[in-house]
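Derivation of every value follows stated rules applied to the coordinates shown; laboratory data play no part. This is a predicted model, so every value here is computed, not measured. Ideal geometry is used to build each Cβ from the backbone, glycine not excepted, and the neighbour counts take in all protein chains shown.
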Ligand code: CA
């Protein structure tokens, strides 16, 4: 796992971010005989899982593999899953439709990819200046978040189960020191989603580069800055060789909740014990992937610190303050334009306020 070369990684990143254009080749439905009641415990299921990552993509694709294997083992082979990386069965960004239409029964992905279908979907991955992973799970599992997420996806015949997490990310790579918010004016930065809206409000322009082109674009000055994931994946991309500054914290992605999309019709056909197995295998990935990300990020942040000339810096307070103001504006605009986004943000905001009574004290025990 440690010998992954930057070149291979970039090749994988290209496909994971939609570099291929293979069409949906597979047709149709599984051979499910609806006359057999779902409680028939002897029945076995052969399922497909499509993903937005390339096969075995570090941590993310590896996590999807692990999830499929765990479901198969826990069900004693009663659910068999064929995992397809992005582009193998359908293009990465058709993962959602493939599951919705039953081309695949499962999909492993991140909900912010589906903002074009339902703007509120992006709020379930991460919210700028929002809660960290632990608190986000508290909201999802005990604060009504998951119910809202399922309400949204049920319109697409999809059941959602949280499955995996990138942990908090980094602010990004810059070739210029960011001493005040005016240093962002005119800057071209690769940053998607609401993060892009934030830096646009600061006078920079948000650029969308496919994963395969970020390195070259940054090297040639086509872009001046980029964010990606965290130290481990960023190191594999090689940004430490061409950028001067590595800024934290991530104002856009304080967590990175990943999702297991399940075709609702297929899920309802499972007997209860198999439903629980799917849910618990996904739940276990939330912990194991988060742990893996944090461990690898620590190791690779140390490498970047010790083996490159990159300066690792915190955004100054007034820059963070401006980002926060712009994030609030961007979220308000989203809420104004889309009633379901407002509903999600209201639930999230109230939960965050309520839980702070405890976490403000509990978190301090460890800092
Ligand atoms: Ca990112």
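A Förster distance of 45 Å, applied to the separation of the beta-carbon atoms of residue 179 and residue 73, puts the FRET efficiency at 0.25. Using the alpha-carbon positions of the stretch 116-188, Rg (one decimal) and Dmax (whole number) come out as 16.7, 48 Å. For the stretch 194-247, the Cα-based Rg and Dmax, in that order, read 11.2, 30 Å.
P(r) tail for the stretch 213-367, what percent of Cα pairs lie past 21 Å? Let's see the in-between values first.
Numbers: 7997 of 11935 pairs.
Of all Cα-Cα distances in the stretch 213-367, 67 percent exceed 21 Å.
The alpha carbons of the stretch 133-253 occupy a box of 44, 30, 27 Å along the principal axes, longest dimension given first.
For the chain, relative contact order (Cα pairs under 8 Å, six or more residues apart, normalised by length) works out to 22 percent. From the alpha carbon centroid of the stretch 130-173 to that of the stretch 331-363 is 13 Å. Segment residue 328..residue 147, full-extension length gain: 62.7 nm, with 0.36 nm per residue of separation and the alpha-carbon distance subtracted.
At an R0 of 30 angstrom, the distance between the Cβ atoms of residue 157 and residue 134 translates into a FRET efficiency of 0.45.
Calculated from DSSP H runs of 4 or more alone, at -39500 (n - 2.57) each and per residue, what is the 222 nm mean residue ellipticity of the chain, nearest 500? Don't jump to the answer; show the numbers that get you there.
Working: 12 runs with 160 residues, N = 367.
After summing the helix terms and dividing by the residues of the chain, the value is -14000 deg cm²/dmol.
Centre-to-centre separation between the Cα atoms of the stretch 50-127 and those of the stretch 215-236: 25 Å. Rounded to whole Å, the principal axis extents of the Cα atoms in the stretch 276-342 read 47, 46, 14, largest first. Neighbour counts of other Cβ atoms within 10 Å put 56, 240 in the fewest-to-most order 56, 240.
Note on the chain: semi-axes of the ellipsoid equivalent to its C-alpha gyration tensor, largest first and rounded to whole Å, are 35, 24, 19.
Of the three principal axes defined by the Cα atoms of the stretch 29-174, the extents in descending order read 55, 32, 29 Å.
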